[in-house]
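So the structure is just underneath, and the comments pick up after that.
Here, each number is a calculation from the coordinates, and none is a lab measurement. It should be emphasised that the depicted structure is a prediction, and the values quoted were computed from it without experimental measurement. Heads up, the Cβs are rebuilt from the backbone with ideal geometry, glycines too, and the neighbour counts pull from every protein chain shown.
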């Protein structure tokens, strides 16, 4: 029986190559020939594994989001209360944005203007992330930990918006981010309004 390789070495090299180049240049200015040269492969191999440069970008983002979601799931499983779980989401998200400023810039400033991004699997994983937050809030309402009458959809948007806006300027201008300070104050401000 023939085994199917899901992630051949050439494909991995190409994805790593784009990630490396994005640390030095804007995505729009990176060419497929540069990606191939950085990866040490032929340009044609890129089109064997990816439809185009954007498809490659979405696959790189997808891998990044997958690892991020796995980390969140592991950390959430260690917590029992709604507020502890939400704190994990907020803190881990800020850590992720800070550790991967290249991905943060691409996600927050670039891909959202691409209509085809919203049809990609990378965007599906963003929706999984948002649903994770919404589910924690819903469970908190049912358990009586979160104030009755709280709209879980609105609260999810508030939390995700707060995370993004708290560090967006620092990411754009490459300033240091005080994760503990931001996380503590976002939690304090939001949690105070939703506690019974």
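Summary table
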item: Sorted by Cβ neighbour density within 10 Å, fewest at the top, the residues 151, 170; result: 151, 170
item: Helical mean residue ellipticity (222 nm; -39500 (n - 2.57) per DSSP H run of 4+; nearest 500) of the chain; result: -22500 deg cm²/dmol
item: The chain: equivalent-ellipsoid semi-axes (sqrt of 5 x gyration tensor eigenvalues, Cα, Å); result: 36, 19, 14
item: Debye-sum result for the stretch 84-196 in log10 I(q)/I(0), which assumes one identical scatterer on each alpha carbon, at q = 0.10, 0.20 Å⁻¹; result: -0.32, -1.12
item: Percent RCO, i.e. relative contact order, over the stretch 100-182, from Cα pairs under 8 Å lying at least 6 residues apart; result: 29 percent
item: GNM result for the chain, Cα springs below 10 Å: residue of 179, 89, 74 fluctuating most strongly; result: 74
item: Between 0 and 90°, nearest 10: helix 53-77 axis offset from the chain longest Cα axis; result: 30 degrees
item: Global geometry of the stretch 153-194, whether rounded, prolate or oblate, following the gyration tensor of its Cα atoms and the 1.5 cut on a/c; result: oblate
item: Calculated Rg and Dmax of the stretch 64-105 using C-alpha coordinates, Å; result: 10.8, 33
item: Distance from the stretch 49-69 to the stretch 25-45 (C-alpha centre basis), Å; result: 15 Å
item: Three principal axis lengths of the stretch 1-50 [C-alpha, angstrom, descending]; result: 44, 18, 16
